[in-house]
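For reference, the structure is listed below as structure tokens.
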Amino acid sequence: MKSMRSGTDGGLSRGLLLLMSVATGLAVSGNYFAQPLLGLIGRELGLGPTSAALVVTVAQGGYALGLILLVPLGDLMERRRLAVLLYAATAVFLLVSATAADGTVLLVGTALTALASVGAQVMVPFAVSLAAPAERGKVVGTVMTGLLLGLLLARTVAGALSEVGGWRTVYWVNAVLMALMAVLLRLFLPRLGGDGGGLSYPGLLRSTVAMFRYEPLLRWRAGIGALSLASFSVLWTALTFLLVQSPYGWSESAIGLFGLVGAAGALTAAVAGRLADRGHVQIVTGVGTVLLVASWAAVAAGARSLVWLLIGVIVLDLAHQAVLNSTQNVIYALRPEARNRINSAFMTSFFIGGAVGSALTSVVWVRDGWTGVCILGASLSAGTVLLWSLERITVGRTANKSPEPPAHRGHDSRSATAAN
């Protein structure tokens with residue numbers, strides 16, 4: 001058990017890193033299981049298409065609330081305890097959904113599951129805090145690979161399980177796995193305290209919002225991340241619309257399997273992390289934003305060519321993950337004592353960007369079809385290039401002028417190098 005807790009150099013052992021990566025993927029996957037099952041759920045519970053679609057909306061809203069209200073607690077509570085509580089709560093709430101007799105109970109279970117599933121976002125800064133300084137990029141990349149694989153594979157796994165035992169089976173299986181993960185985390189995670197600088201809970205929430213004022217890099221990176229996820233969401237929201245019509249005409253199950261293509265992008269996270277550890281974090285961001293724009297040319301050609309569509313999807317996924325991973329390496333270096341609050345602030349902005357991208361896609365598709373969608377995605381991607389360029393120009397000046405927060409304890413030694 002001791003070897004599971006730490007590596008030989010005092011950093012994070014491979015076994016514990018793998019456990020945290022799997023735990024992160026399992027936690028986030030629960031928010032995406034319902035998407036391919038809405039038809040089955042609606043028929044059994046007597047829900048119309050609009051009511052069934054609320055399951056997805058409620059999941060997004062619950063997760064957003066969790067990011068704001070629960071993730072900052074990692075700077076206030078003992079972190080192992082917080083992680084175990086959130087994973088155990090997620091298991092209980094999944095059981096509520098699995099046994100739902102009507103749509104109202106299902107929506108309540110979905111909202112509570114999403115709220116508690118932000119344990120995944122507690123796990124990422126937890127892993128960073130345990131890692132040796134020279135390996136933080138690799139650790140972020142590995143844990144995010146687990147998160148991204150959980151997100152991308154959830155729909156495919158849900159479809160397979162539902163064919164075996166119905167839609168409730170998906171929730172039963174995930175509940176058991178989350179309960180098992182809570183036990184494993186309790187056994188193997190080390191205790192890691194967070195005192196929040198003596199802040200009360202309301203003060204902690206105010207401090208989370210105030211991070212945008214105190215950290216210019218967080219402001220820039222929140223904008224870059226939001227635009228990157230918005231572009232990513234544009235593609236994956238519109239992809240179903242494209243693949244069901246001519247010349248493709250794919251079935252729902254075939255479209256679900258297309259999500260496996262996106263898993264290739266998850267592998268970028270580990271590579272980007274290693275490059276960050278070697279001091280190339282800004283190069284990774286810059287190349288990622290440029291590739292994000294370039295990918296849309298291939299995606300546009302994919303309207304009539306599966307080969308070009310595959311190339312575009314893979315490149316866009318690779319670029320998005322590179323931007324996300326390098327951005328996380330930058331922001332986690334800012335304030336070691338406030339990593340959970342910084343993560344909460346960043347991830348809230350990040351997912352708002354994704355929601356806006358999805359909403360815009362629905363409007364643009366109706367008006368301008370695939371061409372309009374590609375113009376929208378390319379424009380959002382170009383915004384990441386612009387913001388990154390402006391960050392490089394201005395961050396030095398604004399950092400020197402930015403106010404210091406109360407009881408500031410000093411930056412991580414990597415923050416200066418991350419900004420350069």
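All of the numbers you see were taken from the coordinates with simple rules; none came from a lab. In this text, all values refer to a predicted model and were calculated from it rather than measured experimentally. A quick note on method: Cβ atoms are made from the backbone with ideal geometry, for glycine too, and the neighbour counts reach across all protein chains shown.
A compact table of results
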read-out	value
Net charge over other residues, Cβ less than 15 angstrom from the Cβ of residue 99 (K, R count +1; D, E count -1)	-1
Whether the stretch 269-372 is rounded, prolate or oblate, judged on the alpha carbon gyration tensor where a/c under 1.5 counts as rounded	oblate
Most fluctuating residue given options 114, 154, 378, as computed from a GNM of the chain linking Cα atoms under 10 Å	378
Normalised contact order of the stretch 292-373, rounded percent, pairs of Cα under 8 Å and 6 or more residues apart	20 percent
From phi via Karplus (6.51, -1.76, 1.60), per-residue ³J(HN,Hα) for the stretch 89-102 in Hz, x at Gly/Pro	5, 4, 4, 5, 5, 5, 5, 4, 5, 5, 9, 4, 9, 8
Ellipticity estimate at 222 nm from DSSP helix runs (n ≥ 4, -39,500 (n - 2.57)) divided over the chain, nearest 500	-26500 deg cm²/dmol
Anisotropy class of the chain from Cα gyration tensor, a/c 1.5 cut	oblate
Estimated FRET transfer efficiency (residue 187, residue 60; beta-carbon r; R0 41 Å; 0.05)	0.80
Magnitude of the charge dipole, the chain, Cβ model with Lys/Arg +1 and Asp/Glu -1, debye to 20	860 debye
Most positive-pole-ward Cα, 63, 345, 217, against dipole of the chain from beta carbon charges	217
Charge dipole (debye, nearest 20) of the stretch 1-194; +1 at Cβ of Lys and Arg, -1 at Cβ of Asp and Glu	500 debye
Dipole axis of the chain (+1 Lys, Arg; -1 Asp, Glu on Cβ), positive-most option in 174, 238, 385	385
Segments 144-153, 103-112, 335-344 sorted - mean Cβ within 10 Å per residue, highest first	335-344, 144-153, 103-112
Normalised contact order of the chain, rounded percent, pairs of Cα under 8 Å and 6 or more residues apart	22 percent
Karplus-derived HN-Hα couplings along the stretch 149-166 (A = 6.51, B = -1.76, C = 1.60, θ = phi - 60°), whole Hz, x at Gly and Pro	5, x, 5, 6, 8, 4, 5, 5, 5, 4, x, 5, 5, 5, 6, 7, x, x
Estimated FRET transfer efficiency (residue 294, residue 394; beta-carbon r; R0 22 Å; 0.05)	0.30
